[in-house]
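Accompanying notes for the structure given below.
Rule-based calculations on the coordinates, nothing more; no lab input. All values reported here derive from a predicted model rather than from experimental measurement. When we count neighbours, we look across all protein chains shown, and the Cβ atoms used for this are built from the backbone with ideal geometry, even at glycine.
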Protein chains: 2
Amino acid sequence: MNCLSSRLILKPPLYSTLTLNFPSINVPFYSKPISIHQKRKLPANTAITSLVQYPLSGAEEDLVGYVFGKKKATEVAHLIWKRVVQNGDTVIDATCGNGYDTLAMLKMVADESGRGRVYGMDIQGDALKSTSSLLDESVTWKEKELVKLFSICHSRMEEIVPENSPVRLVAFNLGYLPGGDKMITTVSETTQLALEAAKKILIPGGLISLVVYVGHPGGMEELETVEAFASGLSVDNWICCKFQMLNRPLAPVLVLLFKRIWMDSSQRGS
Amino acid sequence: MNCLSSRLILKPPLYSTLTLNFPSINVPFYSKPISIHQKRKLPANTAITSLVQYPLSGAEEDLVGYVFGKKKATEVAHLIWKRVVQNGDTVIDATCGNGYDTLAMLKMVADESGRGRVYGMDIQGDALKSTSSLLDESVTWKEKELVKLFSICHSRMEEIVPENSPVRLVAFNLGYLPGGDKMITTVSETTQLALEAAKKILIPGGLISLVVYVGHPGGMEELETVEAFASGLSVDNWICCKFQMLNRPLAPVLVLLFKRIWMDSSQRGS
């Protein structure tokens, strides 16, 4: 297992060509390769050279600001997205709100190729108008064309994303529309359905990101729904973590669900 | 408030001499200066130029690895410590265990001046022996002299740290000694007392760091004790955050309690 745990492979599109050795980097969660055989019902003699691919970038940025109160949960979320999302990707803003996340995502996927897509949705017309206006102010017409906005519930995301689209990120801001009607909020039932849909369409190496605003009636219940969903995801295939401020009970909670990439030796670079 | 929120002051020893402008950096939790007057019972005309001092370093490192499963909670903790601890500081390893944290801390405080001190404690003699052996193997005799080891409960830390020592870090690993007797664990009652002691002796700008191993009987109760303690700390004076893996219920939980630095205009640099 040592030989495995000392190897990390760069993220796509460098999948199959580049392998780095980081002998000092600890790769947790891989201490029991036999359990992978068992859980995946693989023949005992299958070479478990399967490895998670970590999004590595040359110079790493920072989440430390969160600890020291410099960065908000949403800013931390954006930093993480940047590690995962690439030009040309398909991503989903499950709750457009005022459009700041949609805009941030667009900047991450847009490039010359015009392949990138942002599918945005919100049940409130005002949210979509705000998002559209923000995009008008901030990006070119050509870039805005990459964003597709839909006035539907996020639980129906599968209906709007073309089949076989490689969705790299599904982002949620759970709660109410800032500046809007605080009585209109996301709710546990549809959030649960939306999470199940997101899980289904996300590609390995993708991320489900949730900023959960708990300061409204039903907010805590919704957080519990998210936590229960995350707790049920397989450790083999998902890394699920939660960042929370302990002495600010109404501060938003950040939940990140990262879908691992497994590769067998035939896919690995040398 | 804009003028305040756009200014950050570098950490000691640069306190009083250097002020930087970061117009784009968001400084949360400071949107209501008047409440600071009220809560601190300051005269209404006191210039609230008080600001938290953030440990800034030139090139920031990373916690992102935690999200992607690259880094363990203990490694994340060490990264955070490095942002806080400086050469010459006094720091406390409240649970020496096998000494890895003690060693890491020593490397952070040791310098030519010989002012740095690491006060280490553990109720188990074997833990102190392991720590001492690790230091023998890893550091010079002169460096080891900066470490003071005590066979006492961490709830009594105030007894061993000289009065008026500026304690910058108190670190806990809560649970049992790895490789030792798993029946001997830290317990909620003394951990509570130790946290209160740590709170008392920590200087502003200092950090209480806890890696809570919950995979033993009593582990969850101890985590609850830590969370309750953190939840009770004033938002004005403490930033308290928790990092947790949601689909690995027995994975260690990282809790970081950062004591803010407030300064009035007389202390600020120009």
### Task
Arrange the peptides A:236-243, A:147-154 so that the one whose residues have, on average, the most other Cβ atoms within 10 Å appears first.
A:236-243, A:147-154
### Query
So how do B:K259, B:K144 line up by other beta-carbon neighbours within 10 Å, fewest first?
B:K144, B:K259
#### Entry: Which of A:L254, A:L223, A:L233 has the fewest Cβ neighbours within 10 Å, and the rest in rising order
A:L233, A:L223, A:L254
### Summed side-chain charge close to A:L134 - residues other than A:L134 whose Cβ falls under 15 Å, Lys, Arg +1, Asp, Glu -1
-4
### Task
Using a cut-off of 10 Å between beta-carbons, work out the net charge of the residues near B:V91 (Lys and Arg +1, Asp and Glu -1, B:V91 not included).
-1
#### Entry: Under-5 Å amide H pairs with B:K71, H placed in peptide plane, nonlocal only
B:Y66
### Teacher prompt: A:P204 distances to equivalent labels in other copies, 7 Å Cα→Cβ, nm
5.2
### Position A:K182, label points 7 Å along Cα→Cβ, spacing to each other copy in nm (shortest first, one decimal)
4.9
### Task
At 7 Å along the Cα-to-beta-carbon direction for both B:Q192 and B:S151, put a label point, then send me their distance in nm to one decimal.
2.9
#### Entry: Exercise: per-residue mean of other protein chain Cβ atoms within 10 Å, B:72-81
2
### Task
List the distances, in nm and shortest first, from the label point of B:D136 to the matching label points in every other copy, placing each point 7 Å from Cα along the Cα-to-Cβ direction.
7.6
### Summary
Per-residue average of other protein chain Cβ atoms inside 10 Å, peptide B:231-243 -> 5
## Note on the structure
Per the 1/(1 + (r/R0)^6) rule, R0 = 35 Å and r from the Cβ atoms of A:K107 and B:S234, FRET efficiency to 0.05 is 0.40
### Query
B:T225: net charge of surrounding residues, Cβ under 15 Å, Lys/Arg +1, Asp/Glu -1, itself excluded?
-4
